[in-house]
Every structure is written in structure tokens, then in C-alpha cells.
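Quick notes on the structure that follows.
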Amino acid sequence: MGKDDGEINQIKGTAGGTHSYSQAEKRAYCDFINQELTDDPQLSALLPMDPMSDDLFNVISKGVLLNKLINKTFEDQIPENKINYKPKNTYQINENHDLCIKAAVEIGCSVVNIGGKDLEAGVPHLTMGLLWQIIKRSLMYKIENMDLGDLGDVPPEQILLRWFNAHLRNAGHNKTVTNFSSDLQDAEAYAILLSSISPEKISSDELEAAFGQKNFLNRAEMVLGWADRLECRKFVTAQDIVDGNPRLNLAFVACLFQKYPDIGPSQEVIAKELEVKLSDVEGLLGDSLAEKEALEDEFNKTRMDFDALSSEFNEVKLKYDDALADRDQLRKDKAELEELLDAGRTKKTDLTDKLNALKGERDGIKSKLDAEKLARQALEEDMSNLKLEMEQYDADSADKVKNLNEELENTMNLRQELTSKLEQAQSDLEQARSESAARAASLNEQIESEIQLTTELRSQLDSTRRDIEEARRRIEEAEKTKDDLFKLLTDTIAELETTKQNAKEMEEKLRAEIADEIASREEYERLLAEKMEELRLALENWDAERQKLLARIKELEEELAATKTEMRTKLDEAEREREQALALSDAEMRRLLEEAEREKNQALDKVRLLLSGNQKQGYLWHHENSLVGLVWKKRFYVLRDNLLSWYSKEKRIGGAKPKGVIYCEKSRLYELSAEEAKREFCFQVDDGKVKHNIAAESAEEMKSWMTEIRVAKKKKLGVQVVSDAGKGPLSPRGQASPRDSPRGKKK
């Protein structure tokens, strides 16, 4: 499309007025003429024309192009011998223009205010107006002469609109085209039409792509690309469609109709399609039922999963309750351990106080020993005085020393026993440490054992204290016997020092063991705290998992409820769709069966009437329309009673619908000359609507047929079985008919 394709050119008339014509229409007319007449040798010097220049007006001004264009469709409308193909002067050019205007009037064009001088001068708006009328009549004439059945009386433009809308309805589209301008500007109707007339060349994906295109111009370009596949891209451009040019849209639709005149599938095909749809609906119903069963299985499975989750939740809940009970028990154990630790700390404090008291006593003993040293010095002075007394008491002292030695041995044995007991306590403590890591219950027993050992140690210490006191008492007794027991007192003091040193060492050892025990208990408390912290974290994690599990259960319940609702909705929709589909299919099947029954009865009635009598049959020639114009075709004619029908072949009499039927009673019969019919042995049957020109092989055959038809005209069956019979009044022989041949019109 040129850059000026959408412009409107304006020109000033001689009287001062302004006229206009469309550049797009000029381009379309040039392209059409170039295609239609490019092979004409007598126009080789004039064609092709440049659509973007004024070649169209210059070529038409020669007076040959329009005559050729008229004769292209209306065969021999202008005698070839009267056309001046190489006009030598203005007179011959005007003769050509006069022939063109006369022929244009005869074919149905309006030539008011258009003369040969206007065409010779190439007046644009007048030339374009006449050219459009010729092109339009050419297109409409081809449609008028097509075998369209009951649409014979409908104007061609209405036929095109009906055909267009029938395809839209067949495609399931609710749009209706009422004009060739605004209704087609979005190219949507064109897209549906082309996909309907040739679905094998235009896929549904391409149609969806066209509908998805928001730009009308781009959609129109896609539609014209499809038209190019169908070899029907004529007259219009994408801009012409968007501009809504009614002339070019009309011409484009006419070209589509001429190549694809079928409106849609027949009743049989529709019935088969309905059967297929019904089977599809039944298949969908079966799929819906299967889907329903699958959903029920899924629901049952979900229910089982929910039950399993519920049981698992109950088990987890029981475990949680057990964990809570364990936690409470551990808290109780912790409280008891804390009480035991507090008791141990209290005992430790008491032992510390007792040790401090022993230290005080030791200091007191030291001070006393110092005093005794002073007293010993004093005693040394009295030694000599008491020497005699000591000799007397030697024997007694020996016995007493012996007793003291025994007591000391007993004290040493007691110390060794205490040491072994302490070692046993250490081993018990070590065993308690190892066992405390395994179980908490054994710790209480070990603590009690340690408490008992500590009690025994205290009692041993008390016993040691008593022994010391007894020794002190004996020392005091020895002091009373200074002369006899001085030496024994010295030895006793040394033994006491040793005993004190051993007690001190034992005290330090006991302190170290108690410190170790305290450290062990603190370590146990730390481990217990870690275990309690781990238990707390585990409980928190379990609580979080429990919350997640409860949330998941809630989600599953919601999903289950949504699935139930969705399944119920789908089942209801499937049930409704099934009922609707069954109702529609049932109604459609009943309607189709009724129509088929009516058609069958009508056909049987026709056959009965046609078979009631048989007068004459044989081959004749029939002058009828085709895509290339009026031609003579050989047909097999059958005259039964007052009905004259014809078939394409003799063998199609029994099972096929006739190509045409004439009701002889209301028909007129004429014999035609060879000059009128352009063929010998011809006669005409005028049924009031169409004049049928028929030719025989000989004059005798023609007379025989005409005689039989005249006889059939006198029969009255009372029923008119004619598929193409008119409903209006009978037309006179000279009345013009839309299907009259050019020769009949000229006559």
C-alpha cells in the first residue's frame, strides 16, 4: 500500500463544485483490471497500469478498456466487430465510449450525467463511479447466476450478508454483520469467516493469535495473509479494512463467496457432528464419573491419612504428657538434690566450725605445753627431791606406761581403721561419681553413705578428742606424780605432738576430699543443669513441632473441606452439564429426526407423484449458468404427468434429487429460432420466473417433446411439487428476469 493509499483526492468541477474520489479505490480497481485482463493480447500495450499514477484515467480515455471489462463477464454484450481497438481519431474513441455506456445501461448500471466526453476527458470522479458500477455488476452477476436454491430472489448483497453471518453462526460467534463498513473495521468477523470456510488452512492457534492482537491494523494484516493462502486477496488492504471502505469490502467478500459458496455443513453432517458431540459428552460424562470416583478415592485416602495423623497426634500427645511427667519428676529430683546439696553445704560449714574449734584446742594445748615446759624446769629442780619417790613408783609407772602403750596402740589401730574407712569413703565417692553420670537415683544413696561416713568420722574425731582428753587427764595425773612420770610425760608429749601432726594431716586430707566432693557435686549440678537445659530445649522444640503439627492438621482439615467443596461443586457442575448436554442432545436429535422424517415423507410424496405416470424421458441440452457464464449442458429429462425434471445423468434418477423441476400446468412453451438461441432445434419453457432454453438433437425430437409438454400442461394433480417454483404472479415472456441470458435481454 502506498503512502497516499488512504487519501481522498478532491477536484473542482466546471460549475465551481468540488468532487472527490478515493486513492485506495483507484488502487484496488487498477489491481483488479490488471489481474482480469492481463492476458488479453489486444490490451498488451495498455496493461499493466500503475495504481499510484493516473494511468487508470488515461487508459480508460482510449475507449477500449471498459468494453473489454464488460465483455469479460457479460459475454458478447458488446459486439467485438464494433469496437475500435486502435482508434485513429476522437470520433472512433467516442464510438467506443458510447458502446460502453449503452452496454453499462443494459447490464444494470446507472449512467446519469456520464457521457462519452467525460470518459474521453478522464474526469476522475465520473470515471471512478462508472468503473465501480461495472465491477460491482460483474461480481453480482456471477453471484446471481450461481445455483443457490431458494435464495434466487434475494439481492446479491443480502446473499453475501446471509452467507457471512451463517459462517459466523456456524463458528459459534454471536456477532452479526449488517454492513460492509463499520461492522468489519476490527477484522474480527473476517478472521472468523476465513477460518470457517477453510479450517484446514487456518488453524485454531492462528485464530486465537488474531483475537489476541489488540491492534486492528495488525489483525487485518494477519487476515489478508490468510486470504493470500486461499488465493482470494483482492481489492482490500489492511488499511481499507480498518477504514471500513464499503465498496472494497463488498468486492472482497464477493470474491470469497465465489470461491467458497458453501454456507456450512448439511443436515446429515450436522446430525453426525451431533452424534460425535453426544459421544464426546458421554465420554466427558464417563470421565467426570471416573474423576468423581478418583476424587472419592482421594477423599478416602485423605481421610485415612487424617485418621493416621490423628492417631499419630494422639501418640505424640501421650508422649508429650509423659515428657511433662518426666519433667515434673526431674524437677522434683532437682529439688531433692538441691536440698541434699544444701545439707552437704551445711555439714561442710559444721565441719569447718569443728575444725576451727580443733585448731583452737590445738593452740590451747600448745600454750599449755609451753606452760608445762616452764613447769618442767621447775620440776627438774624438784627432780632430785622426787628421785627417791620415782623409784618407788617405778613399778607402778611401768604398769601405767604399759597400759598407756596399750592405749596408744589402740589409738593407732583406731587411726589405721579410720584411715581405711577414709580410703573406703574415697573409693565409694569415686564409685558415686562414676555412677552419678549413669543415674541420678544412685547419687542419693551415695550421698547418704557419705553422710554416714562423715558421721562416723565425726564420731571418730570425738573419740579421738576423748582420747586426747583422757591423755590430758593422765598427763595431769602424771604431773601429780612429777618425780615418777617426768620421763613418761616427755614421751607422752612427743607422742601427742605426733598424734596432733597426724590429725592435722588427716584434717587436710579430709578437707581435700571434701573439696573434691564439693567440686564433683558442682560438676554434677552443672551436668544436671545442662541436662535440664537440654530437656527444656527439647520440650520447646517439641512444643514448636506440636504447634506445626497442629497447624498442619488444621491445614489438612481446611484442604479436606476445600477438596470436599470443590469436589461437590465439580460433581454438581458435571451433573448440570451432563443434564444440559443430554437435554440439548435429546432436543436436537428429536428435531433432526423430525426434520429427517419430514424430508423423507416429502421425498416419498415426490417419488410417489413422480412414479404415478411416465410419459417421456431422454437426453436434451439445457442452457444454464456456470462460473464462466451461460453454457449448454447435456441433461437427462423426465416428463411424468405435469412435472418436467432433469438430472445430470440417467443413472441418478432413482436416488438423487433432480437438478431442476418445472410445473408444466403454469408454464408457457415457445419454439426458438436458431438466430435467437444460437443453436438449432431449441424451445423455451417459461414457468413465470425463469425462462429455460432447451435444445434437442433433431427437429422431430424437439416436436415430440413439445407435444408431450403441451399434453402435460392439461393435467392437474392438485399438488405442486416443485423445489424452485415461484410464489409470485406469472411473468410475461418479455419480462426481464435476474437469470435471463444476455441474449434474452437483448431480445
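Here, each number is a calculation from the coordinates, and none is a lab measurement. This is a predicted model, so every value here is computed, not measured. Glycine also receives a Cβ, built like all others from the backbone with ideal geometry; neighbour counts cover every protein chain displayed.
Report ³J(HN,Hα) in whole Hz for each residue of segment 300-315, in order, from the Karplus equation J = 6.51 cos²θ - 1.76 cosθ + 1.60 where θ = phi - 60°; Gly and Pro get x.
My calculation for segment 300-315 gives 4, 4, 4, 4, 4, 4, 5, 4, 4, 5, 5, 5, 5, 5, 4, 4 Hz in order.
Pop a pseudo-label 7 angstrom from the Cα along the beta-carbon direction at both E456 and R546 and give the gap in nm to one decimal.
4.8
Once you have the Cα-Cα distance between I653 and A209, take 0.36 nm times their residue separation minus that, and quote the gain in nm to one decimal.
Details: separation 444, 0.36 × 444 = 159.84 nm, distance 4.88 nm.
Extra length available between I653 and A209 comes to 155.0 nm.
Only sites in a loop by DSSP and with at most 10 other Cβ atoms within 10 Å count here; which trypsin sites (Lys or Arg not before Pro) in segment 87-179 make the cut? Intermediate values should be presented prior to the final figure.
Working: sites: K88, K102, K117, K136, R137, K142, R162, R169, K175; in loops: K88, K175.
Passing both the DSSP loop test and the Cβ count: K88.
Could you list, in their original order, any pairs among K366/K509; K600/K657; K633/K714; K68/K633; K691/K714 whose Cα atoms are separated by more than 18 Å?
Numbers: K366/K509 22 Å; K600/K657 12 Å; K633/K714 29 Å; K68/K633 26 Å; K691/K714 20 Å.
Going by Cα-Cα distance, K366/K509; K633/K714; K68/K633; K691/K714 fall outside the 18 Å limit.
Between S310 and S182, how high is the FRET efficiency from 1/(1 + (r/R0)^6) when r is the Cβ-Cβ distance and R₀ = 60 Å? Nearest 0.05.
On the way: r = 67 Å, r/R0 = 1.12.
Between S310 and S182 the formula returns 0.35.
For Y320 and E665 in the same chain, what is the full-extension length gain: residue separation times 0.36 nm, less their Cα-Cα distance, in nm?
Details: separation 345, 0.36 × 345 = 124.20 nm, distance 10.63 nm.
Gain in length upon complete extension: 113.6 nm.
May I ask you to derive the FRET efficiency for E409 and E508 from their Cβ-Cβ distance with R0 = 35 Å, giving the value to the nearest 0.05?
The computed FRET efficiency comes out at 0.90.
Applying 1/(1 + (r/R0)^6) with R0 = 30 Å to the Cβ-Cβ distance of R710 and A166, what FRET efficiency is obtained, to the nearest 0.05? Intermediate results must be reported in sequence, preceding the final value.
Details: r = 42 Å, r/R0 = 1.40.
Computed FRET efficiency for R710 and A166: 0.10.
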